[in-house]
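First the structure, in the form of structure tokens, and then the observations on it.
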Amino acid sequence: MQHRRRRFWGSPRRSRRGSPVRMQRGAGQAPSQPVDNRTISSYSTAVRRKTGSLVPLEISILEAALSLRRQGSPEVHGFLFAKTIRDREQARRLTAYGTLYKALERLERLGYLESRWEDPLVAASAGRPRRRLYRITLVGERAHALAETATASSTSRSATPEVAM
């Protein structure tokens, strides 16, 4: 008869070869409640924030779109957005692609950006996949201006000490 030892969390467990294996809390157990993807922000279509407000990445995208348009590029692909944002903010790394393209999709849904796919012949002649090209809209320009004024007013309020009377 084999003696069965009771295992507690954190107590060593032996593998078939006899080497110690640590059990992690909850390892191999089903979660008590199923995971609802609507509660995870990455899967949620409704981002929880004030209506009309923009997160810093979205403001950076709109700034980059305006800046690149002034430089003569009315339509810009996602990688150029990432490089422009990195250079403007003097960051060491590019914005993660999943983060960038989700933000671009949100801005497009809000009507701040328009997009179209590049001509397949242009991409084939350059020997690369097609790019999705984004263009800022008039609504996007207004949203950027409102975000800039909101940022400037909040900065000036925090910089000016309030005097108690």
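The values are calculated or read from the model by the stated rules, or taken from the named source; none is laboratory data. Keep in mind that this is a model prediction, so the values were computed, not measured. All Cβ positions, glycine included, derive from the backbone under ideal geometry; neighbour counts span all protein chains shown.
Taking region 123-153 as the region of interest, how many residues are out of contact with any Lys or Arg (no Cβ under 8 Å at 6 or more places or on another chain), farther than 24 Å from Lys50 by Cβ and in a helix (DSSP H, G or I)?
3
To keep it simple, each residue is scored yes or no on (1) part of a loop (DSSP other than H, G, I, E, B); (2) at pLDDT below 95; (3) under 16 Å from His144 (Cβ atoms); (4) over 12 Å from the mean Cα position of the chain (by Cα).
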position: Leu68; (1), (2), (3), (4): no, no, yes, yes
position: Pro74; (1), (2), (3), (4): yes, yes, yes, yes
position: Thr84; (1), (2), (3), (4): no, yes, yes, yes
position: Arg92; (1), (2), (3), (4): yes, yes, no, yes
position: Thr95; (1), (2), (3), (4): yes, yes, no, no
position: Gly98; (1), (2), (3), (4): no, yes, no, no
position: Tyr101; (1), (2), (3), (4): no, yes, no, no
position: Glu108; (1), (2), (3), (4): no, no, yes, yes
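In region 98-133, what residues are aliphatic (A, V, I, L, M) and surrounded by 15 or more Cβ atoms within 10 Å (Cβ to Cβ)?
Matches in region 98-133: Leu100, Ala103, Leu104, Leu107, Leu110, Leu113, Leu133.
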